[in-house]
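Only one structure is covered here, and it is reproduced in the block below.
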Amino acid sequence: MWKLICFILIVIGFFIGCRNAEKSKESSNVDLKDSIAELKPEPAKPTSSLDSIKQVIIKKAKKDTVSYTFLLEGNFSAEGNEGRAFYKDHRIKKIEISFYGEMGKAIYTYIFKRNLIEASQQRFNYKTHFTEVKSGQDIIKSEEINFTTDLDGKVLNGNTTEADLDTFYELKKVVPFDLI
């Protein structure tokens, strides 16, 4: 009886190991048509810092343009968020982050130009419950806020009263703006 149980556990372990190796192999395949190498964040460690994130991005960078996928912790949206930072020549070029909610979503885009950042914060409403959204036809653009800021988050022009700078300050904590 014990031999049978041990045999079953070994077989299960073997299949799990093979499955993980297969997933690892799939994730290492790069589509040659895509000029962007996408990096998934390492599991967050309590002591992780921007320096360790920089090292992960630099180590895995094999293409001219590199993207780093991240999540913001906190109460930014009811249904979560997902962001990507794009780097070229060891400097950040763009951040896109989407915040999902039950009634709609918001998409924030930051374009980095030397010491200035052009920000666009767009909000969208769903025509139906978010679980029933099937296409762009179910989404309505509600408002867009555009402004320019410096690297410290000081708004230089645009709508300063409605600009969401809290998100920008959080981004600075989890996304390195330069890799050198």
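Packing, as the average of other Cβ atoms within 10 Å across residues, places the peptides 106-112, 134-140, 52-58 in the order 106-112, 52-58, 134-140, highest first.
Taking each residue as 0.36 nm, the span from GLN55 to ILE107 lengthens on full extension beyond its C-alpha to C-alpha distance by 16.0 nm. Restricting the calculation to Cα atoms, every distinct pair contributes to the Kirkwood radius of region 49-172, found to be 15.8 Å. Within the accessible area of region 49-172, the carbon and sulfur atoms contribute 47%, probe 1.4 Å, all protein chains present.
The values are calculated or read from the model by the stated rules, or taken from the named source; none is laboratory data. Model, not experiment: these values are computed from the prediction. Please note: Cβ atoms are built from the backbone with ideal geometry, for glycine as well, and neighbour counts cover all protein chains shown. Please note that ligands, DNA and RNA were not included when accessible areas were found on the heavy atoms of the full protein model with its side chains. Shrake-Rupley method; radii C 1.70, N 1.55, O 1.52, S 1.80 Å.
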